[in-house]
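For reference, the structure is listed below as structure tokens.
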Amino acid sequence: MEAAAAAAAAKPAIRVAAICGSLRKASFNRGLIRCAIELCSESIPGMRIEHVDIEPLPFCNPDLEIDGKFPPPVEAFRRKILEADSILFASPEYNYSLSAPLKNAIDWGSRPPNVWGDKTAAIVSAAGGSGGIHSQYHLRQVGVFIDLHFINKPELFIQGYRPPVKFDGDGNLIDPETKERLKRVLLSLQAFTHRLSRSS
Ligand SMILES: Cc1cc2nc3c(=O)[nH]c(=O)nc-3n(C[C@H](O)[C@H](O)[C@H](O)COP(=O)(O)O)c2cc1C
């Protein structure tokens, strides 16, 4: 084991909540999260990723908050985010922005008390021709208001339909080079999370 990896492994494991902005069954972005989970358990000691499903969330509506309580799927979602040290967003691009389901999840989490505050975060995207660049920069802008701290680099924008084939028919990531790039994002998130926790 390299010295940096050994040092990271000696610290308490970083808990990462991974959120996919697509509800599609064979979603490429969901495939990125599956691959990230595998990469962590195989070769990134000291970091654990859990997928947090946003599909059960109703549309954000403060009228659904009754006596300080959120609807049960929202309570469960917010608890998972609160328990995490860090967030991994897999964000498709819908009309030059983040998808409505992802924005909805973020909005629920931002209701007082904001559950996103002071966590580190990274974004990866599989999209059409843009690779998700507009979606990622909109998401970073939203992150300013809810106090997320994003890694700056590396960035990962994947043109999902461009050769060479990167995903199989079930949305699994099959391209070795993209896997390596995804791993570099995860290592950067891990290092940044340690750096931020040392300075707090
Ligand atoms: C409503 C809608 C709008 C889209 N807009 C864009 C876009 O602006 N830019 C882009 O690169 N791809 C766009 N796409 C393509 C998706 O980003 C692409 O299909 C991506 O793979 C979806 O993510 P998923 O595979 O995780 O479902 C759009 C798709 C949909 C359904």
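Throughout, read-outs are computed from the coordinates displayed, never taken from laboratory work. Because the structure is predicted, anything quoted here is derived from the model rather than measured. All Cβ positions, even for glycine, are placed from backbone atoms using ideal geometry, and neighbour counts span all protein chains on display.
Separation of segment 52-89 and segment 97-172 by C-alpha centroid, Å?
Using only Cα atoms, the two centres lie 18 Å from each other.
Would you mind working out the magnitude of the charge dipole of the chain relative to its Cα centre, with +1 at each Lys and Arg C-beta and -1 at each Asp and Glu C-beta, to the nearest 20 Debye?
360 debye
Hey, in the GNM for the chain with a 10 angstrom Cα cutoff, which one of 64, 139, 82 fluctuates hardest?
The residue with the greatest mean-square fluctuation here is 64.
So for segment 148-200, Kirkwood radius off the Cα pairs, Stokes-Einstein at 4 °C and 1.567 mPa s: how many µm² s⁻¹?
Estimated diffusion coefficient is 102 µm²/s.
Which of 113, 176, 134 sits farthest toward the positive end of the charge dipole of the chain, with +1 on the Cβ of Lys and Arg and -1 on the Cβ of Asp and Glu?
Ranked along the dipole, the leading option is 176.
Quick one: which residues, 5+ away or cross-chain, put their amide H under 5 Å from the amide H of residue 119? H built at 1.01 Å from N.
149
Excluding same-chain pairs closer than 8 in sequence, count the lysine pairs in the chain whose Cα atoms lie under 18 Å apart.
Pairs that pass both the separation and distance tests number 11.
Would you kindly calculate the mean projected area, averaged across all directions, of the convex hull enclosing the Cα atoms of segment 107-200, in square nanometres?
7.1 nm²
Suppose we flag GluC sites (Glu not before Pro) only when DSSP calls them loop and at most 15 other Cβ atoms lie within 10 Å. Which is the longest uninterrupted stretch of the chain?
66-200
Where both residues lie in the chain, what percent of DSSP beta bridges are antiparallel, nearest 5?
Percentage antiparallel, nearest 5: 10.
Calculate the spin-label point distance for residue 69 paired with residue 13, positioning each point 7 Å from the Cα along the beta-carbon direction, and give it in nanometres.
3.2 nm
For the chain, what size does the Cα cloud have along each of its three principal axes, sorted from largest down, in whole Å?
51, 40, 26
If you take the beta carbon distance between residue 79 and residue 147 as r and set R0 to 22 Å, what does 1/(1 + (r/R0)^6) give as a FRET efficiency, to the nearest 0.05?
According to the calculation, E is roughly 0.75.
If amide H atoms are built 1.01 Å from N in the plane of the peptide, which residues on other chains or at least 5 residues away come under 5 Å of the amide H of residue 156?
It is 125, by chain and number.
Which residues' amide hydrogens lie under 5 Å from the amide hydrogen of residue 167, considering only partners 5 or more residues apart or on another chain, with H built in the peptide plane?
Placed amide hydrogens put 174 under 5 Å from residue 167.
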